[in-house]
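S.K.: Sending over a structure as structure tokens; questions will come in a sec.
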Amino acid sequence: MKKMVIEGGVPLRGEVAISGSKNAALPLLAAAIMFDDSNNELFNVPDLKDVATIRQLLVSIGAEIKDEGDRVVINTSCINKYEAPYDLVKTMRASVLVLGPLLAKYKRARVSLPGGCAIGARPIDFHLKALALLGADITMDHGYVEATAEKLKGAEISFPIPSVTGTENAIMAATLAEGTSIIKNAAREPEIDDLILALCNGGANIKRVEPSTIVIKGVKKLNRLSHFIMPDRIEAGTYMAASAITKGEVVLKNINAVHLRSVIDKLEEAGAKIRIISPSSLMIKGPKVIRSVDISTAPFPGFPTDMQAQMMALMAVSSGLCVITENIFENRFMHVAELRRLGANIKACNNFAIVKGTDHLSGTEMMATDLRASASLILAGLVAHGITEVSRIYHLDRGYEAMEKKLASLGAIISKVDAATPSNDNEVANENILAEKYM
Ligand code: EPU
């Protein structure tokens, strides 16, 4: 078990390269199942725990995966199992992304039902309804979703609210269905368009005809997957917030500035100076005084829920009072109690948090509860006086590539060290349960 130790107070300076997107890599690796080729390739695959988990899942169903320099080669011609077991799904709920591809390609899939997770109940009813509309026969048995179909047929699918992975599962299943499918109220996140681009380059016929409407004309077969994964907009936003909170000046490379619009707007409102240098790089200079800004999370192009915790850390050291509203997940304020331990002045009630900025956070020991909460604690540690220690840092490894190295290269005094091993069986059991709380 590792923990992060940070000595706060250093303004970040320099250049940081953003990695490939976690939430684009996961559906793209799952999509490889549909290509049935020995030489599928993905570039810019981030080195993350969640990516390792989906790779493990693909290998468990018969795929062969190897790293060759900067490309990951995926042989899916030897898939011979159609099941995502509980042991993997319980560590990462995005494992459910294999459901659509397995059903599309092999007409059957057995996937463990994900339970609730640290940030909310997160059911998969929209995924299942979409697949049923495409002609799948879906049953639940012993905690597993069993989906079979003699043939998938194009259908009209309308999501009650936009779901990112739900839209991705529906697109993948419809890609190899007979006839045309229309997805209405589809999610608009850029990771979905990255998936569409990769599928279309491999022979699929998919168009986003309106911002929230996607039309898929089914094809018989896909050729070969070959794709360069888009940059991680949440990792980029996190480094922008880190630059702002430390009043530093950082250049971000390998980004897509268009994907960052809502985050850029909020950081500018808070007083940061941002200059788009090129479509793939920007410079951010933190303000002398961080202004308070209200934040309300929403599906893309709104402000991302995955940036809410990091912005809360920033607002904790702002000059006034603001309200942060979480509209996507019902339990995504687990970082509030930990930030308060640093001296942050935050009150949370239902899906609102009222943050009154302070000019003094003081370093202490904290526990990370989920991926983005971990990032917010690290950010707060970067400005807190003295030493901050963040334990249960395994959450961070799920979604941030070498964060301590990237921050250290910008001047932060930060290191990842061994944490004390749990001293009794109860503590070991507790750590194991928490480590398995998936995102
Ligand atoms: N929902 C349902 N039923 C469903 C599906 C979703 O009620 O069948 C609800 C959810 O409970 C939630 C809302 O719909 O209230 C939207 O959830 P969505 O399905 O869009 O979330 P997701 O696809 O499970 C992805 C990202 C999350 C990110 C959300 C929202 C991946 C692998 N995960 O999750 O990423 O927070 O979209 O943008 O793409 C993270 O990276 O830290 C992370 C949690």
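The values are calculated or read from the model by the stated rules, or taken from the named source; none is laboratory data. As the structure is a prediction and not an experimental result, all values here were calculated from the model. Here the Cβ positions follow ideal geometry from the backbone for every residue, glycine too, while neighbour counts run over all protein chains shown. All accessible areas refer to the heavy atoms of the entire protein, side chains included, with ligands and DNA or RNA removed. Shrake-Rupley method; radii C 1.70, N 1.55, O 1.52, S 1.80 Å.
S.K.: Taking the stated definitions as given, is Ala30 within 14 Å of Leu225 (Cα to Cα), within 11 Å of the ligand (Cβ to nearest atom) and not in a strand (DSSP E or B)? Give the steps one after another, and end with the answer.
M.R.: On the way: within 14 Å of Leu225 (Cα to Cα): yes; within 11 Å of the ligand (Cβ to nearest atom): yes; not in a strand (DSSP E or B): yes.
In short, yes.
For (1) among the aliphatic types (A, V, I, L, M); (2) more than 17 Å from Gly399 (Cβ to Cβ); (3) more than 21 Å from the chain's Cα centre (by Cα), each residue gets a yes or a no:
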{"site": "Gly237", "(1), (2), (3)": "no, no, no"}
{"site": "Gly248", "(1), (2), (3)": "no, yes, yes"}
{"site": "Lys273", "(1), (2), (3)": "no, yes, yes"}
{"site": "Val289", "(1), (2), (3)": "yes, yes, yes"}
{"site": "Asp294", "(1), (2), (3)": "no, yes, yes"}
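S.K.: At pLDDT 95 or above, more than 16 Å from the ligand (Cβ to nearest atom), of a type in the set (Phe, Trp, Tyr) and surrounded by fewer than 20 Cβ atoms within 10 Å (Cβ to Cβ): which single residue out of Tyr144, Tyr106, Tyr86, Tyr82 fits that description? Spell out the reasoning first.
M.R.: Details: Tyr144 fails: at pLDDT 95 or above; Tyr86 fails: at pLDDT 95 or above; Tyr82 fails: surrounded by fewer than 20 Cβ atoms within 10 Å (Cβ to Cβ).
The unique qualifying residue is Tyr106.
S.K.: Taking the stated definitions as given, is Ala368 within 14 Å of the ligand (Cβ to nearest atom), free of Cβ contacts under 8 Å to residues at least 40 places away in the same chain and crowded, with 24+ Cβ neighbours inside 10 Å? Quick ask: steps written out before the conclusion?
M.R.: Numbers: within 14 Å of the ligand (Cβ to nearest atom): yes; free of Cβ contacts under 8 Å to residues at least 40 places away in the same chain: yes; crowded, with 24+ Cβ neighbours inside 10 Å: yes.
So Ala368 passes the test.
S.K.: What single numbered condition from (1) in contact with a Ser or Thr (Cβ under 6 Å, 6 or more places away or on another chain); (2) part of a loop (DSSP other than H, G, I, E, B) fails to hold for Asp47?
M.R.: The single condition Asp47 does not satisfy is (1).
S.K.: Another question about this same structure. Does segment 122-160 hold any residues that are aliphatic (A, V, I, L, M) and in contact with a helix residue (DSSP H, G or I) (Cβ under 8 Å, 6 or more places away or on another chain), and which are they? Lay out the reasoning, then the answer.
M.R.: Initially, segment 122-160 is screened for residues aliphatic (A, V, I, L, M), giving 124, 128, 130-134, 136, 138, 140, 145, 147, 149, 152, 155, 157.
Once the filter is applied, which keeps residues that are aliphatic (A, V, I, L, M) and in contact with a helix residue (DSSP H, G or I) (Cβ under 8 Å, 6 or more places away or on another chain), segment 122-160 yields Ile124, Ala130, Leu131, Leu134, Ala136, Ile138, Val145, Ala147, Ala149, Leu152, Ala155, Ile157.
S.K.: Look through segment 128-141, keep the residues that are within 9 Å of the ligand (Cβ to nearest atom) and open to solvent by 10 Å² or more (accessible area, probe 1.4 Å), and return whichever of them is farthest from Leu97 (Cα to Cα).
M.R.: Here is the first cut: in segment 128-141, the residues within 9 Å of the ligand (Cβ to nearest atom) are 128-130.
Now restrict to residues that are open to solvent by 10 Å² or more (accessible area, probe 1.4 Å): 128-129.
Working: Leu128: 12, Lys129: 15 Å.
Taking the candidates together, the pick is Lys129.
S.K.: Among residues belonging to segment 190-217 that are among the acidic types (Asp, Glu) and in contact with a Ser or Thr (Cβ under 8 Å, 6 or more places away or on another chain), point out the one that is farthest from the ligand (Cβ to nearest atom). If you could, list the steps in order and put the result at the bottom.
M.R.: Of the residues in segment 190-217, the ones among the acidic types (Asp, Glu) are 191, 193-194, 210.
With in contact with a Ser or Thr (Cβ under 8 Å, 6 or more places away or on another chain) added as a condition, the list becomes 191, 194.
Details: Glu191: 6, Asp194: 11 Å.
Looking at residues that are among the acidic types (Asp, Glu) and in contact with a Ser or Thr (Cβ under 8 Å, 6 or more places away or on another chain), I get Asp194.
S.K.: Does Lys153 count as farther than 29 Å from Met230 by Cβ, away from the ligand (no atom under 13 Å from the Cβ), touching a strand residue (DSSP E or B) at 6+ places or on another chain (Cβ under 9 Å) and basic (Lys, Arg)?
M.R.: Values: farther than 29 Å from Met230 by Cβ: yes; away from the ligand (no atom under 13 Å from the Cβ): yes; touching a strand residue (DSSP E or B) at 6+ places or on another chain (Cβ under 9 Å): yes; basic (Lys, Arg): yes.
When the stated conditions are applied, Lys153 passes them.
S.K.: If Ser292 passes every condition in (1) within 29 Å of Asn350 (Cα to Cα); (2) open to solvent by less than 20 Å² (accessible area, probe 1.4 Å); (3) touching a Gly at 6+ places or on another chain (Cβ under 6 Å) but one, which one does it miss?
M.R.: (2)
S.K.: Restricting the search to segment 26-79, which residues are open to solvent by 10 Å² or more (accessible area, probe 1.4 Å), closer than 23 Å to Leu113 by Cβ and either more than 22 Å from the chain's Cα centre (by Cα) or not polar (S, T, N, Q) (or both)?
M.R.: Passing the criteria: Lys49, Ala52, Arg55, Val59, Ser60, Gly62, Ile79.
S.K.: So, in segment 350-363, how many residues would count as being away from the ligand (no atom under 14 Å from the Cβ), open to solvent by 40 Å² or more (accessible area, probe 1.4 Å) and either at pLDDT 95 or above or within 22 Å of Lys405 (Cβ to Cβ) (or both)? Full working, then the answer.
M.R.: Taking segment 350-363 and keeping what is away from the ligand (no atom under 14 Å from the Cβ), we get 350, 352-363.
Now drop any that are not open to solvent by 40 Å² or more (accessible area, probe 1.4 Å), which leaves 350, 352, 354, 356, 359-360, 362.
Among the residues that remain, those that are also either at pLDDT 95 or above or within 22 Å of Lys405 (Cβ to Cβ) (or both) are: 352, 354, 356, 362.
Total meeting the criteria: 4.
S.K.: Got a number for residues in segment 158-182 being within 16 Å of the ligand (Cβ to nearest atom) and within 20 Å of Arg108 (Cα to Cα)?
M.R.: Of the residues in that region, 9 qualify.
S.K.: When residues of segment 10-22 are filtered for being under 17 Å from Lys247 (Cα atoms), touching a strand residue (DSSP E or B) at 6+ places or on another chain (Cβ under 7 Å) and not in a strand (DSSP E or B), how many remain?
M.R.: In the first step, residues of segment 10-22 are kept if they are under 17 Å from Lys247 (Cα atoms); the result is 10-16.
Keeping just the survivors that are touching a strand residue (DSSP E or B) at 6+ places or on another chain (Cβ under 7 Å) gives 10, 12-16.
Applying the additional criterion that residues be not in a strand (DSSP E or B) yields 10, 12.
Qualifying residue count for the region: 2.
S.K.: In addition: So Tyr438 clears everything in (1) modelled with pLDDT of 95 or more; (2) within 16 Å of the ligand (Cβ to nearest atom); (3) not in a helix (DSSP H, G or I) except one condition, right? Which one?
M.R.: (1)
S.K.: Can you tell me which residues in segment 113-125 are open to solvent by 50 Å² or more (accessible area, probe 1.4 Å) and near the ligand (Cβ under 10 Å from one of its atoms)? Can you show your working first?
M.R.: Here is the first cut: in segment 113-125, the residues open to solvent by 50 Å² or more (accessible area, probe 1.4 Å) are 113, 121-123, 125.
Answer for segment 113-125, where residues must be open to solvent by 50 Å² or more (accessible area, probe 1.4 Å) and near the ligand (Cβ under 10 Å from one of its atoms): Ala121, Arg122, Pro123, Asp125.
S.K.: While we're looking at this one, here's another question. Which residue pairs have Cβ atoms closer than 6 Å, lie 6 or more positions apart in sequence or on different chains, and pair a first residue in segment 391-410 that is free of Cβ contacts under 8 Å to residues at least 12 places away in the same chain and within 22 Å of Gly248 (Cβ to Cβ) with a second residue that is away from the ligand (no atom under 13 Å from the Cβ) and not charged (D, E, K, R)?
M.R.: Sorted first by the residue in segment 391-410, then by its partner, the pairs are Ala408/Ile414.
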